[in-house]
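K.L.:
First the structure, then my questions, so here it is.
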Amino acid sequence: MLVLVGLDGGLRPWLARRWPSRVARIVRWMDFGVILVSSLVLPLTLGWTYNAFWWQLGYVLLFGETWMRLTEHSSH
């Protein structure tokens, strides 16, 4: 998880130089990917039980959807 967050933070300046017009959209999806991967942490530690599935789904819907809606206007 820390590696993904580090890569996400390290790639932002490079993306801003490479594609300045599309950086907001790319970073938005990268952050969503970090949210999606982080949602796997608890289910993997609990062994994919029924409750862990609902935890993962709720996490992605709550944080992922919120992030996508909050950043929607900045990626256009």
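K.L.:
Test S74 against the criterion of being exposed (fewer than 12 other Cβ atoms within 10 Å of the Cβ), hydroxyl-bearing (S, T, Y) and at pLDDT 75 or above, and give yes or no. Outline the logic, then answer.
P.N.:
Details: exposed (fewer than 12 other Cβ atoms within 10 Å of the Cβ): yes; hydroxyl-bearing (S, T, Y): yes; at pLDDT 75 or above: no.
So S74 does not fit the description; no.
K.L.:
So, in segment 20-54, exactly how many residues are at pLDDT below 75, loosely packed, with under 15 Cβ neighbours inside 10 Å and hydrophobic (A, V, I, L, M, F, W, C)?
P.N.:
5
The values are calculated or read from the model by the stated rules, or taken from the named source; none is laboratory data. Computed from a predicted model, the values in this text were never measured in an experiment. Note: ideal-geometry Cβ built from the backbone for every residue, glycine included; neighbour counts use all protein chains shown.
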